[in-house]
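Q: I'd like to ask some things about the structure below.
Nothing in this text is a laboratory measurement; each read-out follows from the coordinates by a stated rule. Everything quoted here is computed from the prediction, not taken from an experiment. Please note: Cβ atoms are built from the backbone with ideal geometry, for glycine as well, and neighbour counts cover all protein chains shown.
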Amino acid sequence: MTDLPIPLAPERAKQLGAEFGLKGDEYDRVLAILGRTPSLTELGIFSVMWSEHCSYKSSRFWLKQLPTKAPWVIQGPGENAGVIDIGEGLAAVFKMESHNHPSFIEPYQGAATGVGGILRDVFTMGARPIANLNALRFGAPDAPRMKQIIDGVVRGIGGYGNCVGVPTVGGEVNFHPRYNGNPLVNAMTVGIARADSIFYAAASGVGNPVVYVGSKTGRDGIHGATMASAEFDANSEEKRPTVQVGDPFSEKLLIEACMELMATDAIVAIQDMGAAGLTSSSVEMAGKGDMGIELVLDNVPQRETGMSAYEMMLSESQERMLMILKPGREAVAEAIFHKWELDFAVIGHLTDTGRIVIRHKGQVEANIELAPLESQAPLYQRPWVPTPKLPVLEAASVADPVGLKAALLKLVACPDLCSRRWIWDQYDSMVGGQTAKRPGAADAAVVRVEDHKRALAMTTDCTPRYCLADPEEGGKQAVAEAWRNITAVGGLPLAITDNMNFGNPEKPEIMGQFAGAVMGIGAACTALDFPVVSGNVSLYNETEGRGILPTPAIGGVGVLEDVAQAVGLAMPEAGHALVLVGETRGWLGQSIWLREIAGREDGAPPPVDLLAERRNGDFVRGRILAGTVAACHDCADGGLLVTVAEMAMASGVGAKLEGQDDKGFWFGEDQGRYVLAVRDAPALLAAAAAAGVPARQIGVSGGGDLALPNGEAISVAELSAAHEATLPNLMRDGA
Amino acid sequence: MKAGILLFPGTNRERDMALALQRVTGVKPPMIWHGESTLPAGLDLVVLPGGFSYGDYLRCGAMAAQSPIMRAVAEFAAKGGHVLGVCNGFQILIEAGLLPGALLKNASLRFLSMDCHMKVERTDTPFTNRFKPGAVFRSTMAHGDGNYFADAAMAARLEAEGQVVLRYVTPEGAATEAANRNGSVNNIAGICSANRRVLGLMPHPENQVDPLIDGTDGLPLFESISASFATAG
């Protein structure tokens with residue numbers, strides 16, 4: 001160990017450490033590990049590896065409590081993505097990841113590179129991506145820059161996904177002023193691999209070549225992971241140079257080249273260069289394999305001249321991968337990457353020293369023992385206070401100022417419930433030729449596996465206003481709704497990825513939101529056999545001291561043995577009975593009706609009864625798989641009447657509804673409910689009774705109107721016009 | 001019949017196209033790499049599928065049109081060979097000079113991914129002979145640059161010579177402005193060469209060939225292709 005880098009001056013190093021985001025005693029830990037003052041490159045490596053984004057230092061303590069195992073889980077959290085067995089020798093590989101901070105600073109590139117990054121996390125494991133989804137939160141539409149942000153994010157997601165040829169099949173969007181300064185962009189990719197050929201990141205084999213493939217390295221994105229771990233202030237827009245620029249064309253080539261190489265046996269280990277680029281990929285690959293790694297940066301393909309070791313190690317240039325190859329396979333791999341017109345370079349080799357050694361221009365620039373970089377990484381059990389419970393709002397205590405019809409018309413047009421067509425019309429949802437249920441057609445997207453009958457059902461869900469009111473119930477609800485949406489198409493829910501978006505964890509009340517959400521998610525995952533297999537945490541989503549709504553977005557994946565079994569939500573032709581499954585108490589607290597019609601955002605959110613959730617859902621899925629259900633839609637935001645209206649607007653077929661004239665019944669957001677359209681209502685009701693599942697008929701399909709139980713009627717065409725107009729009107733002068 | 005699918009860097013609907021052709025022929029057609037300078041012997045049909053060849057950088061289809069394989073395709077077409085270009089494939093055929101006109105950015109300046117309906121203007125082509133005369137069928141579009149442009153004289157000539165094969169219409173068959181989402185001249189969705197053996201269109205009928213995915217409205221196009229070469233021997 002004679003090769004040591006030139007250290008910084010001690011005072012300068014300490015000051016830079018603080019600028020790079022090292023907090024409290026973290027810099028002293030660096031000194032203790034090294035036994036000397038770090039070089040600039042070393043300081044950069046420590047600061048990004050110990051950033052919140054890479055180290056999960058505030059969240060790891062809590063995340064460890066989540067259930068991550070099931071017989072069908074092949075790989076849980078800790079790899080590039082989660083992997084589950086979906087039968088017939090196939091595996092689904094998936095993860096959701098945030099790109100919140102970059103998307104605020106530069107919406108198009110921020111969102112685009114979010115999609116690119118999550119795609120790489122999935123295909124790096126040997127899976128061909130078959131679907132993209134997203135979960136978006138924007139501020140009030142009239143907030144400064146917000147239309148520009150919405151437009152840029154939607155264009156960025158489309159621009160990247162459309163070009164790489166992975167269909168964007170689903171997602172969710174909310175609007176709330178608390179996201180004015182911190183919009184959330186969470187992107188999810190789902191891929192398919194053979195269950196016996198998954199690729200992992202752990203390096204092995206002393207002397208094996210370390211290979212760099214993909215695009216060249218530039219100065220973009222330096223310290224992006226650090227930016228993503230800090231709050232915003234009034235000068236945040238000056239951080240634009242730390243946002244990366246995406247090139248989906250290179251990504252497409254990288255997918256094809258990796259798939260081609262993975263079909264050979266040349267690869268020992270592979271990882272994408274995401275946040276913290278070459279640093280995190282080399283440190284993690286060597287660390288997971290208990291190896292050492294030596295890199296010669298002169299060999300890194302560079303697109304700018306005069307780049308320093310520090311810049312190359314910290315760059316977050318996109319569309320790059322790091323691989324460990326078996327000895328002697330370099331030529332095979334190089335030929336494939338050159339065929340796809342991508343860079344290929346051997347930039348180092350594995351060692352048995354347990355250290356990372358970086359060389360550049362004949363100098364050692366970094367020499368760090370890997371084990372303590374991980375084992376002595378900061379881990380904080382941050383102080384937290386539980387979120388105070390809110391009183392239950394009695395529906396009877398709230399006056400109904402407008403009646404059912406006027407409320408429905410307003411609700412279907414409000415930003416949180418209006419049609420998302422303006423968004424999904426910009427996403428190619430069909431490429432691949434396997435999309436059986438595209439956006440708007442069903443509660444979950446359904447994509448068939450090529451050359452199989454089998455299909456995946458996928459969804460993203462979270463109700464942030466519930467999470468703010470009660471993080472634990474909100475966490476439960478997010479998982480339950482994902483499970484419900486997969487169930488509502490006939491899918492068997494298998495596993496989730498969680499994308500935890502919160503404010504500043506150094507504030508005990510924010511940490512309390514995080515802790516509550518984790519507890520709720522954990523309880524729901526356990527009760528529903530729906531483990532967490534991958535995830536991502538985004539903290540410090542605050543601007544000038546004000547945080548976002550707690551937003552633990554859940555991406556759920558389930559399976560259908562035969563795509564022909566999938567049902568959509570569109571109201572079928574006349575003569576189908578509409579049956580409500582699940583118990584209705586008329587829960588108006590935190591409902592959209594309460595906010596939009598009564599002008600109040602208060603009360604406890606609807607509780608999730610996990611036993612009833614499971615019982616009701618298993619019953620509904622059984623009826624769908626038995627082929628007795630023509631359409632199914634879960635009751636979510638807006639309540640029962642909005643659910644029925646959405647079914648009607650999807651096909652243009654109306655319904656005659658029966659039941660009490662009561663706002664709570666029609667607009668309450670009680671959980672664990674579905675509306676089923678069936679030919680044989682008595683058979684369904686008898687089966688429900690036998691299964692102990694609450695069910696009642698609420699109407700019959702047919703006609704062009706929704707005939708309400710109070711005698712009012714509204715044409716489906718009028719509802720659709722209101723529903724469809726909102727976003728186009730909002731965005732008309734936006735771009 | 002024997003079809004081959006061209007593969008350029010950035011092509012992304014080749015598998016969709018292969019599945020559609022397999023549905024009518026029973027075999028998955030081979031992929032032909034852009035760097036090849038000759039086509040496999042005995043091809044009846046060359047297909048240029050959709051995607052973003054060369055990232056759509058410079059201009060959609062412009063760089064792919066300069067590929068070695070495109071010289072072979074031009075020779076193949078000149079000898080009376082059949083060529084189908086869909087979406088980016090249509091853009092490449094135009095850039096290669098195998099079809100007239102230009103494809104501009106959509107009038108809305110946005111990528112458009114949505115259902116569209118097309119009227120089959122003539123059924124005496126090798127690509128449309130299984131449609132009923134005047135048929136209207138549903139498909140999907142997914143493009144940012146599908147706004148077909150020809151100047152007034154060229155548009156008039158295309159119409160007069162019957163080279164407009166597919167036109168955007170309402171589900172009822174009316175060629176209205178509302179049905180013409182990308183702003184194409186005369187609602188043009190697809191045109192053929194003067195000998196009717198080269199067809200380019202923007203929408204993706206290869207995504208409407210399976211009742212379990214998005215219906216079978218696009219199937220007659222592939223059945224036409226299959227039938228054309230079955231009768232031709």
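Q: State the answer as a single residue: which of A:A91, B:P203, A:S204 lies farthest towards the positive end of the charge dipole of the protein assembly as shown, with beta carbon charges of +1 for Lys and Arg and -1 for Asp and Glu, about the Cα centre.
A: B:P203
Q: On to the next question. Apply the Debye scattering formula to chain A, with a single equal point scatterer on each alpha-carbon and no solvent, then give log10 I(q)/I(0) at q = 0.09 Å⁻¹.
A: Results for chain A at q = 0.09 Å⁻¹ read -0.77.
Q: Of all DSSP beta bridges located in region B:1-131, what percent are antiparallel, nearest 5?
A: 10
Q: Magnitude of the Cβ-charge dipole of region B:93-220, K/R +1 and D/E -1, about the Cα centre, nearest 20 debye?
A: Dipole magnitude for region B:93-220 comes out near 140 debye.
Q: Follow-up. Charges on Cβ only, +1 for Lys and Arg, -1 for Asp and Glu, centred on the Cα centroid of chain B; of B:G80, B:L99, B:L21, which one is farthest towards the dipole's positive end?
A: It is B:G80, whose Cα lies furthest towards the positive end.
Q: Determine the dipole magnitude for region B:18-81: charges of +1 sit on the beta-carbon of Lys and Arg, -1 on that of Asp and Glu, nothing else is charged, the reference point is the Cα centre, and the result goes in debye to the nearest 20.
A: Magnitude of the dipole: close to 80 debye.
Q: Given only helices, namely DSSP H runs of n ≥ 4 each adding -39500 (n - 2.57), what is the per-residue ellipticity at 222 nm of chain A, to the nearest 500 deg cm²/dmol?
A: -10500 deg cm²/dmol
Q: Right, next: Got a sec to turn the phi values of region A:174-190 into Karplus ³J(HN,Hα) couplings, 6.51 cos²θ - 1.76 cosθ + 1.60 with θ = phi - 60°, whole Hz, x for Gly and Pro?
A: Whole-Hz 3J(HN,Hα) from phi for region A:174-190: 10, 10, 7, x, 5, 9, 3, x, 9, x, 10, 10, 10, 10, 10, 10, 10.
Q: A:K147: which lysines have alpha carbons under 21 Å from its alpha carbon, excluding same-chain residues fewer than 8 sequence positions away?
A: A:K239
Q: Please give every one of the aspartates and glutamates within straight-line cross-link reach of A:K326, meaning a C-alpha to C-alpha distance under 14 Å, and leave out same-chain neighbours fewer than 8 residues apart.
A: A:D265, A:E334
Q: On to the next question. Under the Karplus relation 6.51 cos²θ - 1.76 cosθ + 1.60, θ = phi - 60°, what is the ordered set of whole-Hz ³J(HN,Hα) values for region A:385-391, x standing for Gly and Pro?
A: Those phi angles translate into 10, x, 6, x, 6, 9, x Hz.
Q: If you take the square roots of the eigenvalues of the alpha-carbon gyration tensor of region B:96-233 and sort them as a ≥ b ≥ c, do you get rounded (a/c under 1.5), prolate (a/b over b/c) or oblate?
A: Taking the square roots of the gyration eigenvalues as a ≥ b ≥ c, region B:96-233 is oblate.
Q: Also: If I take every Cα pair under 8 Å that is 6 or more residues apart in chain A, average their sequence separation and divide by the length, what percent do I get for the relative contact order?
A: Rounded, it is 15 percent for chain A.
Q: Does region B:1-153 come out rounded, prolate or oblate by the C-alpha gyration tensor, with a ≥ b ≥ c the root eigenvalues, rounded set by a/c under 1.5 and, if not, prolate when a/b is larger than b/c and oblate if not?
A: Judged from the Cα gyration tensor, region B:1-153 comes out rounded (a/c under 1.5).
Q: Related question: Cα axis of helix A:146-164 to longest principal axis of chain A: angle in degrees, 0 to 90, nearest 10?
A: Computed tilt is about 70 degrees.
Q: Using alpha carbons only, how many degrees (0 to 90, rounded to 10) separate the axis of helix A:716-731 from the longest principal axis of chain A?
A: 30
Q: Which of the aspartates and glutamates could a cross-linker bridge to A:K476, judged by Cα under 18 Å and excluding same-chain residues fewer than eight apart?
A: Result set, ordered by chain and number: A:E172, A:D461, A:D498, A:D529, A:E583, A:D609, A:E613, A:D618, A:D634, A:D637, A:E669, A:D670.
Q: Can you list the GluC sites (Glu not before Pro) in region A:361-425 that are in a DSSP coil and have 15 or fewer other beta carbons within 10 angstrom?
A: Taking region A:361-425 and a limit of 15 other Cβ atoms within 10 Å, the loop GluC sites (Glu not before Pro) found are A:E394.
Q: Placing +1 at every Lys and Arg Cβ and -1 at every Asp and Glu Cβ, with all other atoms neutral, what dipole size does region A:482-566 have around its Cα centre, in debye to the nearest 20?
A: 120
Q: Which of A:S429, A:L404, A:T526 sits closest to the plus end of the dipole of the protein assembly as shown, meaning its Cα is farthest towards the positive end, when Lys and Arg get +1 and Asp and Glu get -1 on the C-beta?
A: Of the candidates, A:S429 comes out farthest on the positive side.
Q: Divide by every residue of chain B the summed helix terms, -39500 (n - 2.57) for each DSSP H run of at least 4, and state the resulting mean residue ellipticity at 222 nm, rounded to the nearest 500 deg cm²/dmol.
A: So the calculated ellipticity at 222 nm is -7000 deg cm²/dmol.
Q: Taking H placed 1.01 Å from N in the peptide plane, check which residues at least 5 places from A:D670 or on another chain put their amide H under 5 Å from its amide H.
A: So A:D670 has HN proximity to A:R585, A:G586, A:W587.
Q: When DSSP assigns beta bridges and you keep just the ones with both residues in the protein assembly as shown, what percent turn out antiparallel, to the nearest 5?
A: Antiparallel: roughly 75 percent of the beta bridges in the protein assembly as shown.
Q: If you take the Cα Rg of region A:370-472 and divide it by 2.2 N^0.38 Å, with N the number of residues, what do you get?
A: The reported ratio for this selection is 1.76.
Q: On a 0 to 90° scale, report how tilted helix A:10-19 is relative to the longest principal axis of chain A, with both axes built from alpha carbons and the result rounded to the nearest 10.
A: Value to nearest ten degrees: 20.
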